[in-house]
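Undergrad: Got a structure for you, written out below as structure tokens; questions coming shortly.
Every number in this text was worked out from the coordinates using simple rules, so none of it is lab data. Predicted model, so just to flag it, every value in this text is computed and none were measured. Every residue, glycine among them, receives a Cβ derived from its backbone with ideal geometry; neighbour counts consider all protein chains shown.
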Amino acid sequence: MARRASVRRDMNIWRRLDMASRYIWPAALTVFGLLIIGVPLGLPGLAALRPAYVMACVYFWSLYRPSSLPAPVVALTGLLLDLLGMSPLGMWAVLLLLLQGATLLARRRLISFSFLQNWLAFSGLAAVVSLLAWALQSLLDLQALPLLPLGVQIFVAIGVYPLLAWMFIKAHRGAAAVELA
Amino acid sequence: MIRLSVPLRQALSRLTLPVMLVLSLGAVLVGRADQGLADRLRGALDDVLAPAYALVTAPVTALEHGSGVIGQLFSLEAQNQQLRAENAKLLQWQSVAMALEAQNDALKTALNYIPTPTPEFFTAHVVADLGGVYARSVLVSLPPGLAQSGTNLVGAIAMDGRGVAGRVVEAGDRSARVLLITDLNSRIPVALGAHGLPALMAGTNGADPALLYWAPGKPPAEGDVVLTSAEGGAFPPGLPVGVVHYDAQNDPVVLPLADIDGLRLVRLFCYPSNQPVLAPEHETPKTSAKSHRRH
């Protein structure tokens, strides 16, 4: 991409820095947001918000800017989520990669969708991934975990997506837009 | 940068996701095989994150006067009145307590009572509310120099001003993770009521832990005080935990005294491991904090 751009415009160090910062914006926001959710504000449902937030990030950026959220970053984010959230090591890495894979496979269709349809698609994917998380963790813990937190997590994921998507769309057209550099 | 042909680069970029997926599955297997690995990684990460979290959390705590939610700012007047009323009541209780203490001392002298060793304790700030959907834990930052003193914090009991909040399951140089009593894997032997009837308090991931395995024919009574029990040797006896309450399904639960959702400051009590066992002798070995938390 950098080489192509250099044909058109002169590349100085500032422009390179600008492009690099725009390029890493989605990944940085994902990791930073994940950490920020840990600040104890006394709000309920923070534990459910963490996976919901990461799922929304992976879905949105895989859909609109897949080059900015490569699979290794997704895997590392998943590991971070596992370490912060005391879930089995690597579980969320697998699930987030599956989510990214599913999103990328359906990308051509999803990208032509309206916002409401996208929301619906994300809700479905988030529900499936959350269900898988519940099943995997129940399997690894060798006990049937309660279903209520699963429901809360799906609910939070569906509820928080429009807000996050609104922020992400702004970023997608502004701070994270590499082509504007 | 290595120059690769376009098809090769495309193939490589297509392969990244499956390769990362396989690596992640490998991480799951490794994590299963070596339970300690995840704990060590988590401890290292917590040590890195704790100072950063402390920096971010400090202004939040300052804003809310170190207690509860920011919304409490709006109910200051009501709280003030409640505190005044409580204070008046407590002053009455103080005289009762002093009389009882004098009586207690007299009785202890008569019995040649050997006092239990007082535990070391540290005050620690809760810097992050970490935990997953199926885990309840908080990250606390430790005072500097604690690691050098050689204190083993794992297994230490965390209490807020009112009651037991949890136990330390992982401790690094700068941070420790406290598994809360509401966590799904938390099992604490307790004594109920004035007679100290034995039961087990099990976290359910909800706000109020459940009570299990009470003595047949002697169900816990509503309003009974719940104290820790030395049964099994994991806890010292007599620490306040909560109050028995029957929920809507008519199952006994414990209403914790500690403000589990709004923890800001906790005291970590390190009880000496050679404390006298006050409970009846048991064949079972002492459970450590590590085995206390099932994976």
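Undergrad: Within straight cross-link reach of A:K170, meaning Cα distance under 17 Å, which aspartates and glutamates are found once same-chain residues fewer than 8 apart are removed?
TA: Hits, sequence-local ones excluded: A:E179.
Undergrad: Hey, another quick one. Skipping prolines and chain starts, which residues have an amide H placed within reach, meaning under 5 Å, of the one on B:A128, given they are 5 or more residues away or on another chain?
TA: B:L139
Undergrad: Name the residues whose placed amide hydrogens come within less than 5 Å of the amide hydrogen of B:L197, ignoring near sequence neighbours (fewer than 5 apart) on the same chain.
TA: For B:L197, the qualifying residues are B:L192.
Undergrad: Let me check against my output: what whole-number percent is the relative contact order of chain B, with C-alpha pairs under 8 Å and at least 6 apart?
TA: 17
Undergrad: Kindly state, to the nearest 0.05, the FRET efficiency for B:V243 paired with B:A44, given R0 = 30 Å and r defined as their beta-carbon distance.
TA: Details: r = 39 Å, r/R0 = 1.30.
According to the calculation, E is roughly 0.15.
Undergrad: Turning to a different aspect of this structure: Compute a Gaussian network model of chain B, connecting alpha carbons closer than 10 Å, and tell me which residue from B:V60, B:V22, B:V154 fluctuates the most.
TA: Highest fluctuation of the listed residues: B:V22.
Undergrad: Another question, then. Would you mind getting me the FRET efficiency between A:L17 and A:L147? Use the beta-carbon distance for r and R0 = 41 Å, nearest 0.05.
TA: So, using R0 = 41 Å, E works out to roughly 0.25.
Undergrad: Where is the GNM fluctuation largest for chain B (alpha-carbon springs, 10 angstrom cutoff): B:E222, B:E120, B:E77?
TA: Of B:E222, B:E120, B:E77, the Gaussian network model singles out B:E77 as fluctuating most.
Undergrad: Still on this model: Can you give the angle from 0 to 90° between the axis of helix A:71-85 and the longest principal axis of chain A, with both taken from C-alpha atoms, to the nearest 10?
TA: The answer is roughly 40 degrees.
Undergrad: If you don't mind, there's one more thing I want to ask. Pairs of alpha-carbon atoms within less than 8 angstrom and 6+ residues apart define the contacts here; what relative contact order does the range A:2-180 have, in percent?
TA: 29
Undergrad: Could you pull out the chymotrypsin sites (Phe, Trp or Tyr not before Pro) across the range A:144-181 that fall in loop regions by DSSP (anything but H, G, I, E, B) with no more than 14 other Cβ atoms inside 10 Å? Numbers along the way, then the final one.
TA: Working: sites: A:F155, A:W166, A:F168; in loops: none.
Loop-located and lightly packed - none at all.
Undergrad: Return the average number of partner chain Cβ atoms within 10 angstrom of each residue Cβ along peptide A:87-99. Please report the intermediate quantities before stating the final value.
TA: Values: counts 7, 8, 15, 11, 6, 3, 7, 9, 1, 3, 10, 3, 0.
Mean number of neighbouring Cβ atoms from other chains: 6.
Undergrad: Taking +1 at the Cβ of each Lys and Arg and -1 at the Cβ of each Asp and Glu, which of B:L100, B:Q35, B:S141 sits farthest along the dipole of the protein assembly as shown towards its positive end, judged by Cα position relative to the Cα centre?
TA: Checking the options against the dipole of the protein assembly as shown, the answer is B:Q35.
Undergrad: Which FRET efficiency value, to the nearest 0.05, do you get for B:Y113 and A:M167 by plugging their Cβ-Cβ distance into 1/(1 + (r/R0)^6) with R0 = 60 Å?
TA: Taking R0 as 60 Å, the efficiency between B:Y113 and A:M167 is 0.40.
Undergrad: Where does each of A:92-104, B:85-97, B:42-54 land if you order them by average Cβ count within 10 Å, highest first?
TA: A:92-104, B:42-54, B:85-97
Undergrad: Here's a follow-up. Among B:193-205, A:141-153, how do they line up by average Cβ neighbours within 10 Å per residue, starting with the highest?
TA: Going from most to least packed, we get B:193-205, A:141-153.
Undergrad: Within the range A:61-78, whose backbone N sits under 16 Å from a point 7 Å along Cα→Cβ of A:R107?
TA: Only A:61-75 fall inside the zone, counting backbone N under 16 Å.
Undergrad: Please give the average number of partner chain Cβ atoms lying within 10 Å of the Cβ of each residue in B:12-24, rounded to a whole number.
TA: 6
Undergrad: Just counting partner chain Cβ atoms within 10 Å, what average do the residues of peptide B:119-132 show around their Cβ? Show your work: numbers first, answer last.
TA: On the way: counts 0, 0, 0, 0, 0, 0, 0, 1, 3, 7, 9, 11, 8, 17.
Average per residue, whole number: 4.
Undergrad: For a label point 7 Å from the Cα of B:L255 along Cα→C-beta, name the residues of the range B:200-220 whose backbone N is under 16 Å from it.
TA: B:207-211
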